[in-house]
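Have a look at the structure below before the remarks.
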Amino acid sequence: MLVLDRSGSMTGTPLSNMKLGAKTFIDVIDESTDGTKDGQIGSGSRMAVVSFSNLATANTQLITSVDDLKAAVDTLSAGGTTNHADAFSKATELFDPASGNAKVIVMFTDGNTTTGAPPAPVAATARAQGIIIYCIGLIGSDGLDVDALNNWATDPDASHVAVTPDAADLEALFAELAANISNPGATDIVIDEMVSPDFIITNLLSPTKGSAVVLDTHTLRWKIPQLGVSSSESAVLDFFVRHIGQTQGQKLVNQSITYSDTEGNMVTFPDPSVLVKCDIIVHPEPCPTPTDLIAEGCSDAIHVDLGDVFLEGQGRIIQMDATIKNVCPGKRVALAAILTELDQDGMEHQRGMKTMTIPAHDFPDCRDIQVKCIRFVVPEDLSLSCGCLCSPRQFQVRLIANSIDTDFRCCESVLTL
């Protein structure tokens, strides 16, 4: 059942291209049902044309004459509103309930429902009667609710719904759908996908059907022994990519994707894209040019004029002193200073850790040891502040001190006879 939208938004080029697509659909079914394009739908199959705007009309009954079907398509003219519910009802009424043939509705539309009852329950009733529903959508001047098409069509959506914004693509979409309907199932499927140079493949999950391998960082190959041979089914492959390009913007993920199978099915894949944003770009500061100096032999000190030093970048230097209490003689101490920063939400972020060994002293009693000039360099982190330089920053410091040396001694062995 070929169900065609002839509402007012189809006027002009959309209607012309839809007619070409519909007649190509009829030709493909003609050839595939009996092996020859002889002007008759063969092998017990039949086809009808239903068109709709304000209401739906049966332009033909279920017939086998290709000429009559094409003539019905050629007589269509555009005008009026869009009543999808009546279109589904009229198409469903034309099927013979006693027939053992598979029952298929191919719904073409370019817009949203503007009159009549809600179409979703009518489509659901048709599906409950065993009718398979395919939807072809053209994103017309009135827009198109793709979610509605997915709701009307038989699951899975990926193999029962095709949408295009370009009326020139309609003939190819009708031809592809006709080929797949008349020749269900595919064997020895091979899909080669190459992502664009701006991306690399980082991970590949196991597909729901078949097997997949990464050929290189930009290319994968997916093989499926058979799909949809005995019943309608779909297959899904998930993989992850990482952006490695130097520019931002809307980027197409795929450079190319090819499909082949033994039966010669035609498959159109979407062109997924991702919006890449590079809002914060960090340019590391270059390493300063070194100044050569020579320490002569047996010299205790060197005096060198290194010239002027300019402030190269924004940042802070934190210098702190600490006093370790009650350090006893002959005991070395391990000291760690841990610096963190709190963001505006109170979350803590690591900023660095310094560890050092404090030499032992030989005073006769325990003393306090002062450790001076523990320094941390902390560049500005715009993601934790208001996004501006020199904003207030909140740090936290933790000090950990432990004695390295202990009084533990092994007992001396005493030999008793």
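Of Thr154, Thr164, all but one fail to be at pLDDT 90 or above and within 29 Å of Glu31 (Cβ to Cβ); the exception is Thr154.
A Cβ distance below 6 Å, combined with a sequence gap of six or more or placement on separate chains, defines the contacts here; from the stretch 19-48, residues that are at positive phi reach residues that are at pLDDT 85 or above in the pairs Gly39/Val66.
Flag: Arg351 matches the condition of being modelled with pLDDT of 80 or more and either more than 21 Å from Thr406 (Cα to Cα) or of a type in the set (Val, Ile, Thr) (or both).
Taking the criterion of being of a type in the set (A, V, I, L, M) and under 17 Å from Met353 (Cα atoms), the residues of the stretch 316-334 that qualify are Ile317, Ile318, Met320, Ala322, Val333, Ala334.
With Asn150, Asn101 as the choices, which residue is closer than 28 Å to Val229 by Cβ, touching a strand residue (DSSP E or B) at 6+ places or on another chain (Cβ under 9 Å) and of a type in the set (S, T, N, Q)?
Residue meeting the stated conditions: Asn150.
Mind listing whichever residues of the stretch 160-186 are crowded, with 20+ Cβ neighbours inside 10 Å and not in a helix (DSSP H, G or I)? The answer is Val161, Ala162, Ala186.
Every condition in (1) at pLDDT 80 or above; (2) loosely packed, with under 10 Cβ neighbours inside 10 Å; (3) not hydroxyl-bearing (Ser, Thr, Tyr) is met by Glu412 except one, and the failing one is (1).
Filtering the stretch 4-25 to residues that are surrounded by fewer than 24 Cβ atoms within 10 Å (Cβ to Cβ) and of a type in the set (A, V, I, L, M, F, W, C) leaves Leu15, Leu20.
Could you check how many residues of the stretch 26-41 are of a type outside the set (Ser, Thr, Tyr) and more than 15 Å from Asp68 (Cβ to Cβ)? Residues meeting the conditions: 5.
Quick check, is Val28 among the β-branched types (Val, Ile, Thr), over 37 Å from the mean Cα position of the chain (by Cα) and buried (at least 19 other Cβ atoms within 10 Å of the Cβ)? It is false that Val28 is among the β-branched types (Val, Ile, Thr), over 37 Å from the mean Cα position of the chain (by Cα) and buried (at least 19 other Cβ atoms within 10 Å of the Cβ).
Residues that are touching an Asp or Glu at 6+ places or on another chain (Cβ under 6 Å), part of a strand (DSSP E or B) and exposed (fewer than 13 other Cβ atoms within 10 Å of the Cβ) within the stretch 221-276 comprise just one, Thr258. Taking the stretch 78-107 as the range and being within 16 Å of Gly137 (Cα to Cα) and surrounded by fewer than 17 Cβ atoms within 10 Å (Cβ to Cβ) as the test, no residue passes. The C-beta contact set for the stretch 255-276 (first residue within 15 Å of Gln226 (Cβ to Cβ) and not assigned by TED's automatic domain parsing to the domain that holds His218, second residue surrounded by 13 or more Cβ atoms within 10 Å (Cβ to Cβ) and among the aromatic types (Phe, Trp, Tyr), distance under 7 angstrom, 6+ apart or interchain) is empty. Are any residues in the stretch 144-159 among the polar types (S, T, N, Q), assigned to a helix (DSSP H, G or I) and touching a helix residue (DSSP H, G or I) at 6+ places or on another chain (Cβ under 7 Å), and if so, which ones? Scanning the stretch 144-159 gives Asn150, Asn151.
The values are calculated or read from the model by the stated rules, or taken from the named source; none is laboratory data. If you're wondering where the values come from, they're calculated on a predicted model, not measured in any experiment. Because the Cβ atoms are built from the backbone with ideal geometry, glycine has one as well, and the counts that use them run over all protein chains shown.
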